[in-house]
Every structure is written in structure tokens, then in C-alpha cells.
Amino acid sequence: MVDPALTPELRARPVRETPSEGFPAVVHPEWGALFPWLVQGTTTSRDGAAAFDLGLFRAESPAGEVVARWERLREWTGAGTLVHARQVHGADLRWHEDEAPGLRIAPSCDLHATTRPGILLTVGLADCVPAFLVDPRRRAVALVHAGWRGTAAGALERAIEELGARAESRPGDLHVHLGPAICGACYEVGPEVFEALGVAPAPEPAPIDLRAVLAERAAARGVRAERVTVSEHCTRCDEGGASFFSHRRGEGGRHVAFLGLRA
């Protein structure tokens, strides 16, 4: 069972992502220097005064505009291939090695992984947690879309296991970042969610810090505590300049997290 003290306190090293140059996204402030061969970040909801919605599966999102934004992402990152999928809040993972160029839609899943340079992994978000996993020893990466259902289903653990099975990654070598998401103060849920996550249930709806739960789960699987970082951005209440889409705030758009090895 996860320590109830993790809720709503954050028990991993906080970082605040920095704005990228030339594209509406924020990036890990340390990973660029540590891993120059890595492409990583989270898009924002605004490009200047204009909305920057990347929701591919929403009828309300103009398809032509959305696809043009995805092409901008591909060009800015230098990736040959972008992989995405319709997400179902589960723990299924797709391993990507031989993908045709362009935007590729994989079968429904919430986890992606690769060791192939030039393939950019992406997940769509609007409060859920993007979990970035990097093994610098094996040059292997995985990206997880983790809402409470996916977290309860073991999505993060599945990514760690698959990196070990397919790339021989050791948990102690992994770096994990839990990106912009709804914070513990804003994310109020019912007792059934506490129970599903292995946290002592509250008697009535109460806030829970999903990123703290994920950090504890990473540590339980052998990821070193000093290699787990957590974004200071909240998608619902953040007032620090960057903006993100929030389902809890009544917004329907999607920003995306992206991760890959430079071509």
C-alpha cells in the first residue's frame, strides 16, 4: 500500500520546466545538458495568443489545423516519425522500431517505447500525468500516459518491465520525470480512487497527488530516488506563465508530451 503521507505532499525532487526556443513547449531544465541525444518536452495550450490544440481524436478540433500543428512538432524536433494512439486509460505498451515516416497512429494504448533514433513518442493530455523514462546506458526511452486508472493498472511498472525485457534496462539506471499534470491540491477524487491506487481511502471526496503515487511506485520498482523528478506545473491552477489544457477546468483541447532519441 502506498504511504498515505504521500497525499497530498510531493515526495520527489521538484523541477520547473523551461520554455523551449521557437516552439510552444516546455522542456526538462536538466535533461538537455545531461542527454544531448534526447528530444523531450510537453507542448503548451497557447502559441502566443492562439490556441495550440493537438487533439487528433476530437470532432471539435479542426482536423487540418491540428495536423498542421503536428507537422510543426515533427519539423521542430527533427523526428522522421511521430507515433501516437487513441488512449484508453490502460497499461498496454507498443514498442516502436520500424515505423514509416510521418505521423503514425498505433493501435489503442497508453504507453510507447523505443530504442530507435528518429522516432518521437507522444501522448495526449489534459490533466493526466506524462511519465518520461530514459535509460542513458542503453539509450532506451518510454513514455506513459498515466491517469488514475492507468496508474492503478500498473502502467508505470509495465514501462519499467518492458524496458528491462526489450532493452535490458536496469531500474537503477533509469531517469524518470513526471511532467505537467493536475496537482494534488486540485485533483479531488472519491474513496474508490484512493482504494484503486492502494492509498488509505478517505471517507469522502478528497485531493490526491497522483504524481506522488507514481514517484512511490517508481521507487518501489528500483528507480533511484535522486533520479525521479516532478514538474512544478499544475495544468489546472498554474499561474507561472506556461499554460496547459485542463479537463477539470472545462477545456476540451489536448497538449502532448513527446520523447525520443535524436535522429
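A few notes on this one:
- Neighbourhood net charge (10 Å Cβ-Cβ; Lys/Arg +1, Asp/Glu -1) for ARG236: -1
- Along region 223-229 the Karplus relation, 6.51 cos²θ - 1.76 cosθ + 1.60 evaluated at θ = phi - 60°, assigns HN-Hα couplings of 6, 5, 4, 6, 9, 10, 10 Hz to successive residues, with x for each Gly and Pro.
- Over the residues of the chain, the helix contribution to mean residue ellipticity at 222 nm works out to -6000 deg cm²/dmol, using -39500 (n - 2.57) for each DSSP H run of at least 4.
- A DSSP coil position with no more than 14 other Cβ atoms inside 10 Å describes the following GluC sites (Glu not before Pro) in region 221-254: GLU232, GLU239.
- For region 146-204 versus region 245-263, the gap between their alpha-carbon centres in whole angstrom: 17 Å
- Placing unit charges on the Cβ atoms only, positive for Lys and Arg and negative for Asp and Glu, gives region 167-263 a dipole magnitude near 420 debye about its Cα centre.
- The packing ranking of peptides 215-221, 126-132, 74-80, highest mean first, is 126-132, 215-221, 74-80, where packing means the average number of other beta carbon atoms within 10 angstrom of each residue.
- Sequence-ordered 3J(HN,Hα) estimates for region 92-99 from the Karplus curve with 6.51, -1.76 and 1.60 and θ = phi - 60° stand at 7, 10, 10, 9, 10, 10, 10, 10 Hz, glycine and proline given as x.
- Most positive-pole-ward Cα, ALA68, PRO130, PRO180, against dipole of the chain from beta carbon charges: ALA68
- Cα gyration tensor, region 22-87 - rounded (a/c under 1.5), prolate or oblate: prolate
- Summed over all non-identical Cα pairs, the Kirkwood treatment of region 65-117 gives a radius of 11.9 Å.
- Most to least packed among 99-105, 151-157 [average Cβ atoms within 10 Å]: 151-157, 99-105
Quick note: the coordinates plus some simple rules give every number you see, no bench work behind them. Just so you know, these numbers come straight off a predicted model, no measurement behind them. Here the Cβ is made from the backbone with ideal geometry for all residues, glycine too, and neighbour counts use every protein chain on show.
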